[in-house]
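Have a look at the structure below, then the notes.
The values are calculated or read from the model by the stated rules, or taken from the named source; none is laboratory data. Computed from a predicted structure; not experimentally measured. Glycine gets a Cβ as well: all are built from the backbone with ideal geometry, and neighbour counts include every protein chain shown. For the accessible areas, the whole protein counts, side chains as well, though only heavy atoms, and no ligand, DNA or RNA atoms are used. Shrake-Rupley method; radii C 1.70, N 1.55, O 1.52, S 1.80 Å.
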Amino acid sequence: MTAKWACPKAFDMGMFLAVRAATPSLGESRTVPENQDRHNHHGQKFVYDFTEGNRDLKDLLGGKGANLAEMTNLGLPVPPGFTITTEACKVYLDSGDEPLALRDEVSGHLEALEQRMGKKLGQAADPLLVSVRSGAKFSMPGMMDTVLNIGLSDESVVGLAQQAGDERFAWDSYRRLIQMFGKTVLGVDGDLFEEALADAKSVKRVVVDTDLDAADLKKLVKQYKKIVKSEAGRDFPQDPREQMDLAVRAVFDSWNGDRARLYRRQERIPNDLGTAVNICSMVFGNLGPDSGTGVAFTRDPASGQQGVYGDYLQNAQGEDVVAGIRNTVPLADLETIDKASYDQLMQIMETLENHYRDLCDIEFTVERGQLWMLQTRVGKRTAGAAFRIATQLVDQGLIDEAEALQRVNGAQLAQLMFPRFDEDTKVELLGRGIAASPGAAVGKAVFDSYTAVKWSRSGERVILIRRETNPDDLDGMIAAEGILTSRGGKTSHAAVVARGMGKTCVCGAEDLEVDTKRRRMTVNGTVIEEGDVVSVDGSTGKVYLGEVPVVPSPVVEYFEGRMHAGADDANELVAAVHRIMAYADRVRRLRVRANADNAEDALRARRFGAQGIGLCRTEHMFLGERREMVERLILADTDDERSTALEQLLPLQKADFIELFEAMDGLPVTVRLLDPPLHEFLPDITELSVRVALAESRKDHNENDLRLLQAVHRLHEQNPMLGLRGVRLGLVIPGLFTMQVRAIAEAVAERRNAKGDPRAEIMIPLVGTVQELEIVRDEAEKVIAEVEAATGIELKLSLGTMIELPRAALTAGQIAEAAEFFSFGTNDLTQTVWGFSRDDVEASFFTAYLEKGIFGVSPFETIDRDGVGALVRSAVEAGRATRPDLKLGVCGEHGGDPESVHFFHEVGLDYVSCSPFRIPVARLEAGRAAAQSKGSDSR
Ligand code: PEP
Ligand code: MG
């Protein structure tokens, strides 16, 4: 039976876990570019010097450019440079060409830069070199292009060698330029350069790049140039300005690269923002042992603890660290390597934290003992760290409680509610790496992204195991349950991207020998083949063989009341969650109720903070043994038969309600009368037809089966979701709804007699017109009056309706005449507004729609503000106009979706109702929404 209400969505953990990572674009409207052409930009400024920008200009300068400007203005040591705006990129993407004014503007800024640096770009004797880096509004790590050392040529490499007094350095920089330029600007296969480099090392019998000397590198440059010529069909450009212009264009183009598009879809970053381009004078970390480059966090992005976190790599240039290719040393070692730079860096980190009032991550370079800041931004962090950092910053007096609420979100809270591995079970530890992104992931080992995607499409859970990942692995990482690498640190590509996605990741597990070609890994003699099951713990860094069972998270234990925030065994995380939830509860206006239809769920919901039940689906009470009674009700030919069936159901229903009212004593419980199509209580039409046909052939007539078959045929609907269900059912099956109302009324009376405080609300489903509601209401009121007369108890039952059809929303003003409350059924409302069959479309074509960008997210998951949302908004207004004290809620799945909760806050609902596991998320988001709107009111 494919009962709509048997759809697991409403109740199961899966849906709760499917809470999407919060979108960086939350609350921001999509900016639609004007139809720009490249000629029409009089007065528009496309280039900003670092001294001209600030951190609020992220839309225009991208995150990197805005923060470089901010640091420049803070007086921190940032190499001078300028930023080409996202507007210039948008013109390029729209028209296929740079805006006409751009070239002159760049020339002006370049000249100013040359004057300041006292060198000219690429000039033979003493060249100014620049880096060209992408930088969009939202960080997209490794997704777009960067080219370093622009300005080097056959001539200027000699000048650079003389100026630096280091020939090796100059040729190493030149070969890096050709390699990066060849790959990203000219589209040459990067492996060709890597192979040539590997060959050069093996010819010389050395292992690391730094053992190649100037002569080796000179040869390599020759070879690289040959590769460029044969692969790109042109020479490597010797003109420095041509290099720069082509690199800028390549950065623009990389906005629409496959990797970048995929990342944006995943992270819900709008496609039309474009990227800025930062042109920055080069500083060199590869000038010898007194130089180096590193990345750092002002706090541990995994735990939130304050301290020295980062990696440093001596004698290396930029990307070497993030790529996780060579082994770095912990940042703390810089203190012994170069104390002066280390001390300065610590000071700068403190300045940045206090200035940004948040965890910052930074990239820096030391050039011959001089520290340079290359980048900073508010750093990504794990969900646990987000909660801890927010409360730490409150304690430090850097932010207030309202701000702390903006530093976390419901998706992070949902992540913290994931189960963990059971440490008490016997496990086979395979190895240990760096705990890069928390969670407990179990799956079959796969060693390449293609297999990860293929297997996960066929329903397998997989763990992607690589030596290290690179941006080409993105789709495999998305498909995998978890990611495991044998190399690279907390800032390697695998770690950064996995954290961003909220995926479990262990990296740098050095005992693992990963052999991608043979699709296996060896760990201390144990061979793990493709398809063997492994378990990866991103919170501890441990990797196990086989499937390790999981246990609930401490945060769930806390919500369950099994752990108290102040208790000795409560960790810092639980204490932080407790505090943030208290802030949220203090400020939120929306109340949060649960969708629950049995005492167990109701009690859990209550522990999780539910303030009532917003939807009790009574159809769940008609399953199991009771199905036969419903069958008898449907088959009844006479009033007597019907009454008998209803009388049998009545006490059972009443008992259900008593239990529920007891569990929710003192809080409102909205009971919805029966909704699904009746035929769903009958046997499957095909099975029954076969049974009857077989019996006929044996001349073995079964009268009951024949009657059943007739009923099944009579009630069969092509489109049951749009057929005889909801209030329609109540109107055509005499006595059904009144039996339910009587059960509710008698249960309330009984709870009152037992000194309880039951607060029942009766809700009529699928109403399209006020007339339907009036008839049911009249009948219900009669029954309630009868029960009140019989018991002598005033029941105080309220009667309301769901608004889940467009017609109901459009005539909400009339419907409110007969309803004391509305609860928006946004599942059915989404189905009927879009004309989507809710049981079919997600499997049949939603993937295609998501891929084509028709929606960023399924409208069944996040409320469609413009369509369904508009109807909700107008129904709220019309309903309240008729009845100012009309109570308003939502009980569709959207009630527990973070982004939708903000919408329901905005339109002024009184409560949201969602499945018990999503209640904490809804409480938190309701608090965030209230704090946000307060903030904007006072601005
Ligand atoms: C709805 O339609 O949103 C709703 C809550 O009812 P159901 O999911 O049971 O149809
Ligand atoms: Mg519905």
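The table for this structure:
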item: Dipole magnitude of the stretch 419-552, debye to nearest 20 (Cβ charges: Lys/Arg +1, Asp/Glu -1, about Cα centre); result: 260
item: Fraction of the pair-distance distribution of the stretch 824-880 above 14 Å, Cα-Cα pairs, percent; result: 56
item: Of LYS380/LYS444; LYS58/LYS201; LYS542/LYS852; LYS183/LYS517; LYS137/LYS517, those spanning more than 31 Å from alpha-carbon to alpha-carbon; result: LYS58/LYS201; LYS542/LYS852; LYS137/LYS517
item: Rounded tilt (10° steps) of 770-791 against the dominant C-alpha axis of the chain; result: 60
item: Cα long-axis angle, helix 572-587 against the chain (0 to 90 degrees, to the nearest 10); result: 60
item: Protection proxy ranking, peptides 97-108, 799-810, average beta carbon neighbours within 10 Å, highest first; result: 799-810, 97-108
item: Accessible area of the stretch 51-117 divided out per residue, in Å², using a probe of 1.4 angstrom; result: 39
item: Projected label distance in nm at ASP400 and GLN718, using a 7 Å step from Cα toward the beta-carbon; result: 6.1
item: Kirkwood Rh (inverse of mean 1/r, distinct Cα pairs), the chain, angstrom; result: 31.2
item: Area projected by the alpha carbon convex hull of the stretch 519-663, averaged over all directions, nm²; result: 16.2
item: Stokes-Einstein translational diffusion, the stretch 43-184 - Kirkwood Rh over all Cα pairs, 1.002 mPa s, 20 °C, in µm²/s; result: 132
item: Heavy-atom accessible area ranking, 1.4 Å probe, most first, across HIS620, HIS578; result: HIS578, HIS620
item: Cut-off under 5 Å, modelled amide H: who pairs with VAL551 long-range; result: ARG420, PHE421, ASP422
item: Residue-level accessible surface for HIS493, protein heavy atoms, 1.4 Å, Å²; result: 20
item: For ARG606, solvent-accessible area (1.4 Å; no DNA, RNA or ligand), Å²; result: 90
item: Kirkwood estimate for the stretch 419-552, i.e. one over the average of 1/r between Cα atoms, Å; result: 14.0
item: Estimated FRET transfer efficiency when R0 is 56 angstrom, pair LEU850-ASP290 (beta carbons, to 0.05); result: 0.65
item: Rounded tilt (10° steps) of 685-697 against the dominant C-alpha axis of the chain; result: 50
item: Candidate lysines for bridging to LYS654, where Cα separation is under 21 Å - those fewer than 8 sequence places away on the same chain excluded; result: LYS755, LYS782, LYS796
item: Per-peptide average of other Cβ atoms within 10 Å, ordering 706-713, 394-401, 288-295 highest first; result: 288-295, 706-713, 394-401
item: Mean residue ellipticity (222 nm) of the chain, computed from DSSP H runs ≥ 4 via -39,500 (n - 2.57), nearest 500; result: -13500 deg cm²/dmol
item: Å² per residue, accessible surface of the stretch 709-771 at 1.4 Å; result: 40
item: Net +/- balance of residues flanking SER303 in space, Cβ distance below 10 Å, scoring K and R +1, D and E -1; result: +1
item: Charge-dipole axis of the stretch 419-552 as Lys and Arg at +1 and Asp and Glu at -1 on Cβ define it, positive-most pick from VAL497, LEU430, GLY525; result: VAL497
item: Rounded to the nearest 20 debye, dipole of the stretch 41-139 from Cβ charges on Lys, Arg, Asp, Glu; result: 320
item: Sulfur and carbon atoms: percent of accessible area, the chain [1.4 Å]; result: 48
item: More than 14 angstrom apart: percent of Cα pairs within the stretch 883-939; result: 52
item: Cα-derived Rg to Rh of the stretch 101-240, Kirkwood definition; result: 0.99
item: Relative contact order for the chain, counting Cα pairs under 8 Å that sit 6 or more residues apart, in percent; result: 10
item: Residue-wise HN-Hα coupling along the stretch 156-165, computed from phi with Karplus coefficients 6.51, -1.76, 1.60 (Hz; x: Gly, Pro); result: 6, 4, 5, x, 4, 4, 5, 4, 7, x
item: Derived scalar couplings ³J(HN,Hα) [the stretch 750-756; Karplus, 6.51 cos²θ - 1.76 cosθ + 1.60; whole Hz; x for Gly, Pro]; result: 5, 5, 5, 4, 8, 6, x
item: By average C-beta atoms within 10 angstrom, highest first, the peptides 129-139, 45-55; result: 129-139, 45-55
item: Between the stretch 535-560 and the stretch 68-110, the Cα center-to-center distance that results, in Å; result: 47
item: Size of electric dipole in the chain: Cβ of Lys, Arg +1 and of Asp, Glu -1, about Cα centre, debye, nearest 20; result: 780
item: Whole-Hz couplings from phi, Karplus 6.51/-1.76/1.60, listed for the stretch 629-641; x for Gly and Pro; result: 5, 5, 4, 5, 5, 5, 7, 3, 9, 10, 4, 4, 4
item: Signed unit charges on C-beta, dipole axis of the chain, positive-most listed residue THR83, TYR544, ALA809; result: THR83
